[in-house]
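So the structure is just underneath, and the comments pick up after that.
The values are calculated or read from the model by the stated rules, or taken from the named source; none is laboratory data. Model, not experiment: these values are computed from the prediction. Using ideal geometry, Cβ is built from the backbone for each residue, glycine included, and neighbour counts are taken over all protein chains shown. Surface accessibility is based on the protein's heavy atoms, side chains included, excluding ligands, DNA and RNA. Shrake-Rupley method; radii C 1.70, N 1.55, O 1.52, S 1.80 Å.
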Amino acid sequence: MPSLERLIAEVEPNVITEALTRECIQIQGGEPDTAANKKRSMPFRDVECLAFSFKNLACIDNLRGLDNLTKLQLDNNQITKIENLAHLTNLTWLDLSFNKISIISGLETLTKLVDLSLFNNNISKIENLDTLVNLNVLSLGNNQLSQLDNVMYLRQFKQLRLVNLAGNPICKDHDYRSYVLSHIKDLIYLDYRRVNPTDVQAAREQHQDEMIELQEREEQQAQEEKLTAERDAHNKLMTQANLEGVETLIDDMVKEDPEWPRLVQVPNLLDPWNDIRDKFNVATDEFKASILDQHNRKKAEYEEWLNVVRGYLDEKDAEARKLIVEFEKAKKHTSRAVADNPALAENQILSLKVKLMSLKDQLMAIEMETVEILDGLVQEFDRAYSELAETNKGQYNTYFTQVRDLQNSFFNQLTSVAMTVFEKYNQENSDIESLPEDARMLLQDKDSLMNALQASHDAHMQKIDALEDRLISQELRSANDLTSSNATWATKRNRDRISEIINYVERNVLELDELAGDDDGGEP
């Protein structure tokens with residue numbers, strides 16, 4: 001029977017407001033008065049836990065600004081749809097129990113969820129949870145789940161250890177518990193009861209035939225996923241090394257050749273292609289190996305440069321930190337001295353201000369030296385990296401010259417073979433009529449045949465030229481972008497550091513003026 005509180009809440013639906021949100025902020029520990037003050041004043045971005053239990057909410061809305069929320073209770077309301085949660089990507093715990101939800105949806109972006117409760121709703125199908133790979137606890141008890149095989153959906157969740165399905169129509173099935181234990185791996189609790197390993201073994205034996213078939217499918221799927229991951233990693237490497245399109249060039253030439261489908265129908269015409277293709281592959285493999293070696297050299301060059309820069313900056317930061325620590329010690333000493341003898345305040349603080357101005361000059365000198373050194377390091381990297389890019393450009397030129405030579409060789413051989421084939425099928429008693437229509441048309445008109453060969457050759461050369469232009473442009477552009485980003489970073493670092501120094505000095509001047517009782521402040 002519904003509680004009196006719930007019955008009253010159902011009379012007038014409520015909405016989430018800022019006031020309600022602040023009321024529902026959960027503060028761990030501390031005195032009640034302190035917690036109440038924190039609720040009223042804390043920025044929403046700092047809120048980690050909210051409890052909207054028994055708030056008569058009809059919908060989920062107005063949760064903007066709560067991006068760092070990790071725990072959200074929306075239980076015991078009148079919510080019918082899961083919505084407006086997509087931005088709460090840091091949620092690990094979500095309670096939507098005791099609502100009126102009929103479809104699981106709107107949770108796709110909540111990939112950090114570990115604990116999800118949808119207990120006591122109107123859900124009839126387990127679905128739309130695929131992205132929640134970290135699920136450890138899932139409660140779907142007291143819903144309308146009626147298809148036992150729908151439980152198979154949960155097998156994909158490798159971290160799932162506690163599942164509650166009690167109170168659903170599927171629980172009336174004689175095979176319910178054995179089906180769940182055999183199909184969901186590594187469960188520790190099912191429907192409030194700890195899972196016994198002997199029950200799991202018995203369940204798997206009961207569903208043995210199905211489990212063997214399922215295991216074979218999963219092994220095949222795992223192998224396919226492995227191959228896909230390896231292919232994706234390889235393609236990513238090819239893109240990073242600026243080799244995209246090189247491995248598929250020869251196939252792309254054929255695929256984008258408008259004359260190839262006609263030429264392939266002419267007997268023996270394309271026989272030279274196999275030999276040329278082998279030579280293409282040899283040249284391509286050698287080129288790939290060379291460029292991948294250069295790619296590794298470029299990565300090593302950049303990493304080495306970064307290490308030098310980090311080391312130098314750490315050294316200069318340590319130097320600046322030492323100066324600041326010394327000043328902070330002097331400031332504390334002065335504060336104690338002024339507190340002990342206010343009559344000495346003016347001279348003590350004036351002396352400290354002199355030290356502060358000296359500190360400012362020293363920090364600025366360190367920064368100016370750092371800027372000069374960094375500028376030299378950036379220029380040195382620019383030269384070294386540009387040389388590698390120019391070396392790569394030469395290798396691209398060499399490779400594509402080889403490819404063009406091979407294509408020209410193929411065209412010459414193809415033209416020679418075409419003349420032989422043309423003469424053969426234009427003799428008396430030839431079997432030209434047995435050939436496909438496209439082949440007959442080519443072999444009955446020498447000009448048409450030659451034009452087709454030339455068009456095919458032009459298409460291949462255009463593909464080669466286009467790929468060479470793209471790769472060389474990308475190589476030089478990537479080098480320029482990297483060196484430009486380094487220079488931009490160095491400039492921004494200098495600007496930020498100057499701003500930090502000025503702000504530090506101004507803040508200390510104000511503190512010293514306040515210590516001296518001078519409200520007028522001062523200029524550094």
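Just the residues that are open to solvent by less than 90 Å² (accessible area, probe 1.4 Å) and of a type in the set (Val, Ile, Thr), please, taken from the stretch 312-369.
Ile324, Val325, Thr334, Val338, Ile349, Ile366
Looking only at the stretch 250-263, how many residues end up being surrounded by 15 or more Cβ atoms within 10 Å (Cβ to Cβ) and either in contact with a Leu (Cβ under 6 Å, 6 or more places away or on another chain) or farther than 24 Å from Tyr399 by Cβ (or both)?
Residues meeting the conditions: 3.
For residues in the stretch 427-452 being polar (S, T, N, Q) and in a helix (DSSP H, G or I), which is surrounded by the fewest Cβ atoms within 10 Å (Cβ to Cβ)?
Top of the filtered list is Ser434.
What number of residues within the stretch 101-116 are in a loop (DSSP other than H, G, I, E, B) and either open to solvent by less than 50 Å² (accessible area, probe 1.4 Å) or under 17 Å from Leu160 (Cβ atoms) (or both)? Full working, then the answer.
Taking the stretch 101-116 first, the residues in a loop (DSSP other than H, G, I, E, B) are 101-114.
Among the residues that remain, those that are also either open to solvent by less than 50 Å² (accessible area, probe 1.4 Å) or under 17 Å from Leu160 (Cβ atoms) (or both) are: 101, 104-107, 110-114.
The number of residues fulfilling the criteria is 10.
I need a count of the residues in the stretch 483-501 that are surrounded by fewer than 17 Cβ atoms within 10 Å (Cβ to Cβ) and touching a residue at least 24 places away in the same chain (Cβ under 8 Å).
The number of residues fulfilling the criteria is 4.
If you scan the stretch 33-43, which residues turn out to be surrounded by 15 or more Cβ atoms within 10 Å (Cβ to Cβ) and touching a Lys or Arg at 6+ places or on another chain (Cβ under 8 Å)?
Lys39
Got a sec? Which of Phe119, Phe98 is assigned to a loop (DSSP other than H, G, I, E, B), open to solvent by 50 Å² or more (accessible area, probe 1.4 Å) and within 23 Å of Ala51 (Cβ to Cβ)?
Phe98
Can Pro272 be described as surrounded by 13 or more Cβ atoms within 10 Å (Cβ to Cβ), closer than 30 Å to Ser416 by Cα and in contact (Cβ under 8 Å) with a residue 24 or more places away in the chain?
Yes.
Which residue pairs have Cβ atoms closer than 6 Å, lie 6 or more positions apart in sequence or on different chains, and pair a first residue in the stretch 48-63 that is without any contact (Cβ under 8 Å) to a residue 60 or more places away in the chain and over 16 Å from Gly106 (Cα atoms) with a second residue that is open to solvent by 10 Å² or more (accessible area, probe 1.4 Å) and among the hydrophobic types (A, V, I, L, M, F, W, C)?
Note: pairs meeting the criteria are Asn56/Ala9.
So, Thr420, is that one more than 30 Å from Leu388 (Cα to Cα), of a type in the set (Val, Ile, Thr) and either out of contact with any His (no Cβ under 9 Å at 6 or more places or on another chain) or open to solvent by 40 Å² or more (accessible area, probe 1.4 Å) (or both) or not?
When the stated conditions are applied, Thr420 passes them.
Residues that are closer than 30 Å to Ser430 by Cβ, at least 2 per element: which helices (runs of 4 or more DSSP H) completely within the stretch 248-364 meet that? Spell out how you get there, then give the answer.
Values: elements: 249-255, 260-263, 272-340.
Result: 260-263, 272-340.
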